[in-house]
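Worksheet: one structure, shown below.
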Amino acid sequence: MPKVAKPELSDASVPPLPATYEAALSELERLVGQLESGQMPLDQLLSGYQRGAALLAFCRDKLKAVEDQIQVLDGGQLKPWSGT
């Protein structure tokens, strides 16, 4: 049985990550809406999932960096958020 060649993804085909947390979150929310709609073709579902995973990792990294900075500012103690 002949092997089917898998297309190689080049770095040129992968869009760069957004510059800000807000832009990444906005793109991620839009992408999740598209994925949940059930209207995307199968090949786009896979690339959409991969992009979403990259955006999620980016957002988590940004939030972790801010959390680390807050801990430094608060003397190593992460204080609960009061919302006021």
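Peptides 64-72, 24-32 ordered by packing proxy, namely the average of other Cβ atoms within 10 Å per residue, highest first: 24-32, 64-72.
Put simply, when 13-19, 37-43 are sorted by average Cβ atoms within 10 angstrom per residue, most first, you get 13-19, 37-43. Surface composition of the range 12-71: carbon and sulfur atoms hold 61% of the protein heavy-atom accessible area at a 1.4 Å probe.
The values are calculated or read from the model by the stated rules, or taken from the named source; none is laboratory data. Values in this document were obtained by computation on a predicted structure and should not be read as measured data. Because the Cβ atoms are built from the backbone with ideal geometry, glycine has one as well, and the counts that use them run over all protein chains shown. What goes into the accessible areas is simple: the full protein's heavy atoms, side chains included, and nothing from ligands, DNA or RNA. Shrake-Rupley method; radii C 1.70, N 1.55, O 1.52, S 1.80 Å.
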